1. Considering only residues of the range 168-204 that are outside any strand (DSSP E or B) and among the aliphatic types (A, V, I, L, M), which is farthest from residue 57 (Cα to Cα)?
2. Tell me, yes or no, whether the range 151-161 has at least one residue that is at positive phi and touching a residue at least 40 places away in the same chain (Cβ under 8 Å).
3. Check 142, 205, 112, 214 and return the single one that is surrounded by fewer than 22 Cβ atoms within 10 Å (Cβ to Cβ) and either touching a residue at least 12 places away in the same chain (Cβ under 8 Å) or polar (S, T, N, Q) (or both).
4. Mind telling me which of the residues 341, 350 ends up being surrounded by fewer than 20 Cβ atoms within 10 Å (Cβ to Cβ) and touching a residue at least 40 places away in the same chain (Cβ under 8 Å)?
5. List every residue pair whose Cβ atoms sit under 7 Å apart, with the two residues 6 or more apart in sequence or on different chains, where the first one lies in the range 380-398 and is farther than 16 Å from residue 192 by Cα and at pLDDT 95 or above and the second, anywhere, is surrounded by 14 or more Cβ atoms within 10 Å (Cβ to Cβ) and among the small types (Gly, Ala, Ser).
6. Give 70, 96 a once-over and let me know the one that is among the hydrophobic types (A, V, I, L, M, F, W, C) and crowded, with 21+ Cβ neighbours inside 10 Å.
7. Every residue in the range 385-424 that is in a loop (DSSP other than H, G, I, E, B) and either acidic (Asp, Glu) or farther than 22 Å from residue 365 by Cβ (or both), please.
Amino acid sequence: MCMPMTGRRLSSLLAYVTTAATGASLLTGCGVLPGATGGSREPVTVMTWAPDQTRATNMPGMPAMAQTYARWVNSQGGIDGHELRVLTCNEQNTIAGAAACARRAVREGAVAVVGSYSQNGRAFMAPLEAAGIPYIGGYGIAEDEFTSPLSYPVNGGVASLVAGHGMQLAGSCDRVSLVRPDTTAGDKLPELLDSGLHKASHRGAVDIPALEDAAEYTEQADRARTRAGDEKGCVTAVLGERTQTFFDSFRRLPQEEKKQKAGVRISSILGSVDQPVIDRTGGPHSPFEGAYVTGWYPEAGDKSWAPMRKVIQEFAFADNRVDPADAGVQTTWIAYTVLKEVVENLRQDEITAAEISHALDRGERIDTGGLTPSLRWKYEDLLGAPGFTRIVNHEVTFQVVRQGRLVAQKPGFVDVGETVLSAP
């Protein structure tokens, strides 16, 4: 059963009512949104889903950002005169939850699923494919996002992050320990990290599987630190929301062990470590100080995020789920940017799922304002890596935590396409 999303301060009911009320109040007596140039146009209904209040990774900011985006765009007259209606669904980090959200999207007439998070790709893609509904700008965690012909990813997914992270660590670490989920998706991470390490003729990482929802990771932390070595060793953890739990166990290792391994450096990827996590764990005094982090997009303070920040400031209201430094929120913003540009270019009174996917397939090029390279999903734009054929954006950013802030370690984007292609 699909459950409504919940937030820490603003309930999903309030968010839904606010979005609906905003959309309703924008309609005039003759059914035209302010700013619309012609007659009445049909609303565009989409869905955004993500897990919330589960024991593993939660992404409440993604549906909250979708609702914020709807309030903003409808205040501007909608998308080319179409009111944007956003449905949200709690995916619950389960196969049943993902399938239920997808079936609800079909049942309620969504023309796209936009900016969503789910590890259960097979469960949600089958219902969407049967109904011809495109999946735009998923978070990049499920393999099906990069294989389904109806998926249009805006980043290179975890595959690009982990491959890029290997490249980032290769120049600074003699030995690397990787702590990752003991899941099917997690099984692919060592090969991807090694592909980046091998780019610099570096030895492969030590693979340490761990439960994705454990309460503590003392055993894995001790093993990771020991295998990383005394000097110029690096411990990287890719455990989603539980990465913070792992590094808490890591810093609690016995004092004599800490002295012995004082040279070990920690690292991770965006989504497992991001600015909100650093802020919650002490800012400049966070255990992540000095950590290497690989991301998809420019650092959160980059001027390219200014339009998103303005929308959040004016339309998120009291909803503190919408953090502009959160990778899920950022991905949702980019995904809705794609949707907006496609709908505007269609210039039709009624928008269908088939028309959206056809526009993307025929080579609609999307400018995201410098947050990504220009995006296009024609056949010649696809990376074609085994298991990740749909990647069109294979650029990442190298960042580091300095004085409690994630900042660029090196300017601009790094292309990891060949590295992903070289993974077994």
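The values are calculated or read from the model by the stated rules, or taken from the named source; none is laboratory data. Being a predicted model, the structure only gives us computed values, none of them experimental. Please note: Cβ atoms are built from the backbone with ideal geometry, for glycine as well, and neighbour counts cover all protein chains shown. Remember, those area values only see protein heavy atoms, side chains included, never the ligands or the DNA or RNA. Shrake-Rupley method; radii C 1.70, N 1.55, O 1.52, S 1.80 Å.
1. Looking at residues that are outside any strand (DSSP E or B) and among the aliphatic types (A, V, I, L, M), I get 200.
2. yes
3. Criteria check complete, one pass: 214.
4. Numbers: 341 fails: touching a residue at least 40 places away in the same chain (Cβ under 8 Å).
None of the other options fit; the residue is 350.
5. 390/151; 393/156; 397/295; 397/408
6. Working: 96 fails: crowded, with 21+ Cβ neighbours inside 10 Å.
Every option except 70 fails the conditions.
7. Once the filter is applied, which keeps residues that are in a loop (DSSP other than H, G, I, E, B) and either acidic (Asp, Glu) or farther than 22 Å from residue 365 by Cβ (or both), the range 385-424 yields 386, 387, 403, 404, 409, 410, 411, 423, 424.
So that you can scan it fast, the table gives a plain yes or no per residue for (1) outside any helix (DSSP H, G or I); (2) of a type in the set (Val, Ile, Thr); (3) under 20 Å from residue 242 (Cβ atoms):
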| residue | (1), (2), (3) |
| --- | --- |
| 53 | yes, no, yes |
| 69 | no, no, no |
| 97 | no, no, yes |
| 101 | no, no, no |
| 116 | yes, no, no |
| 127 | no, no, no |
